[in-house]
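**Student:** To start, I am sharing the structure in question, which I have written as structure tokens.
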Amino acid sequence: MSVSGTPAAASESASSTSKQKYSFNKLQKRLRRNVGKAIADFGMIEENDKVMVCLSGGKDSYTMLDILLYLKKIAPIHFDIIAVNLDQKQPGFPEHVLPQYLEGLGVEYLIVEEDTYSIVKEKVPEGKTTCALCSRLRRGILYRTATELGATKIALGHHRDDMLETLFLNMFHGGKLKSMPPKLVSDDGKHIVIRPLTYCTEKDIQKYSDAVEFPIIPCNLCGSQENLQRQNIKAMLQDWHRRFPGRIESMFRAMQNVAPSHLADNKLYDFQNIAHSDGPVADGDIGFDAPILDAPEMTNEQDNNGVQVIQVMDTTR
């Protein structure tokens, strides 16, 4: 039995610290690798780009900025970063937090002050969610700021879970098969928006944020609650993740492996002019294949953090 202060206790403490450091390093490498892969896969950042990183004070945007600053140092191309925060004059907003943090990093930044809070409170009836109007106002201001700064890319901190939640929100409530794309052009064609955290999970981002201890600014200062339907979708996906390991990963892969000929959008696929063919057609005739009823083969492994992972083996190939 070891007693605190004894050599045995000291050794145990050192071992624990070493394991924590190893776990953090693995987490950091995974996040950096995922961001780098997303940038490469979707051509998010190019030579001499000026990237406007939208910083809200939440875990996602802090993590995005942290990783982009690292990649800027090692990337084979040159690009500049400017961090931008929109101070919407919400009561209780700690105006000093982000300037202190950004000055400590030595990164170029701009705090844009616009009283959208008063506009939203005036326009939205009491008890109704303010998120939709607030988001539109914020987006317009950020687009204007990007133009003024000469930014060629606007980086937002949405991650893989956000994209999946949006997919289901649009299916369930909007009747659209649509999500957040990794890269898009604004409606006026003047701005390119990128989402470098596309391949990153919220779980990893939360763990990284907790470990680094970013100076988080709470997102509930305006008194509005997060969209209830998005909360419901998030709870549904989390439940699926607990009960069906691997399902979330499979759904995200599906977003990258779309077969337009096996959906039902005649604007996306020319069904009217389908003709006989001498060979196989794109996407294949898998729509009439017999369903695979057997349970997929499972293997148990551990991820880089020592957490048990159940991998689903693809038996359809």
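The values are calculated or read from the model by the stated rules, or taken from the named source; none is laboratory data. Remember, it's a predicted structure, so these values are computed and weren't measured experimentally. As a convention, Cβ positions derive from the backbone with ideal geometry for all residues, glycine included, and neighbour counts pool all protein chains shown.
**Student:** Tell me which residues, restricted to segment 190-214, are in a helix (DSSP H, G or I) and not hydrophobic (A, V, I, L, M, F, W, C).
**Tutor:** 202, 203, 204, 206, 207, 208, 209, 210
**Student:** Of the residues 80, 115, which is of a type in the set (Asp, Glu) and more than 22 Å from residue 35 (Cα to Cα)?
**Tutor:** Within the list 80, 115, the selection yields 115.
**Student:** Within segment 90-103, does at least one residue satisfy the condition of being surrounded by fewer than 20 Cβ atoms within 10 Å (Cβ to Cβ) and charged (D, E, K, R)?
**Tutor:** Looking through segment 90-103, at least one residue is surrounded by fewer than 20 Cβ atoms within 10 Å (Cβ to Cβ) and charged (D, E, K, R).
**Student:** Still on this model: Which residue pairs have Cβ atoms under 9 Å apart, sit 6 or more places apart or on different chains, and have a first residue in segment 94-111 that is of a type in the set (Gly, Ala, Ser) and a second that is at pLDDT below 95 and part of a loop (DSSP other than H, G, I, E, B)?
**Tutor:** No pair meets every condition.
**Student:** Right, here's the next one. Would you pick out the residues in segment 260-288 that are modelled with pLDDT under 90 and small (Gly, Ala, Ser)?
**Tutor:** 261, 275, 277, 279, 282, 284, 287, listed by residue number.
**Student:** Separate question: Count, please, the residues in segment 250-284 that happen to be surrounded by 14 or more Cβ atoms within 10 Å (Cβ to Cβ) and within 19 Å of the chain's Cα centre (by Cα).
**Tutor:** 3
**Student:** Please verify whether residue 297 is at pLDDT 90 or above, over 30 Å from residue 129 (Cα atoms) and of a type in the set (Asp, Glu), treating the condition exactly as stated.
**Tutor:** For residue 297, the condition - at pLDDT 90 or above, over 30 Å from residue 129 (Cα atoms) and of a type in the set (Asp, Glu) - is not met.
**Student:** Is it true that residue 216 is in contact (Cβ under 8 Å) with a residue 12 or more places away in the chain, surrounded by 20 or more Cβ atoms within 10 Å (Cβ to Cβ), in contact with a helix residue (DSSP H, G or I) (Cβ under 9 Å, 6 or more places away or on another chain) and among the aliphatic types (A, V, I, L, M)?
**Tutor:** Answer is no for this residue.
**Student:** Among the residues that make up segment 120-134, is at least one of them buried (at least 18 other Cβ atoms within 10 Å of the Cβ) and in contact with a strand residue (DSSP E or B) (Cβ under 7 Å, 6 or more places away or on another chain)?
**Tutor:** No - not one qualifying residue is present in segment 120-134.
**Student:** Something else: Which residue is surrounded by the most Cβ atoms within 10 Å (Cβ to Cβ), if the candidates are limited to segment 27-77 and must be farther than 21 Å from residue 105 by Cβ and among the basic types (Lys, Arg)?
**Tutor:** Going through the qualifying residues, I end up with 30.
**Student:** With a cut-off of at least 1 residues that are modelled with pLDDT under 95 and among the aromatic types (Phe, Trp, Tyr), name the helices (runs of 4 or more DSSP H) lying wholly within segment 78-189.
**Tutor:** Fully inside segment 78-189 and qualifying: 116-123.
**Student:** Using the structure shown, decide if residue 145 is touching a residue at least 40 places away in the same chain (Cβ under 8 Å), exposed (fewer than 15 other Cβ atoms within 10 Å of the Cβ) and among the hydroxyl-bearing types (Ser, Thr, Tyr).
**Tutor:** No, not satisfied.
**Student:** Considering only segment 2-26, how many residues are over 24 Å from the mean Cα position of the chain (by Cα) and either surrounded by fewer than 11 Cβ atoms within 10 Å (Cβ to Cβ) or at pLDDT 65 or above (or both)?
**Tutor:** Here the count works out to 14.
**Student:** Determine, yes or no, whether residue 25 is polar (S, T, N, Q), without any contact (Cβ under 8 Å) to a residue 60 or more places away in the chain and closer than 24 Å to residue 148 by Cα.
**Tutor:** Judged against the criteria, residue 25 is not a match.
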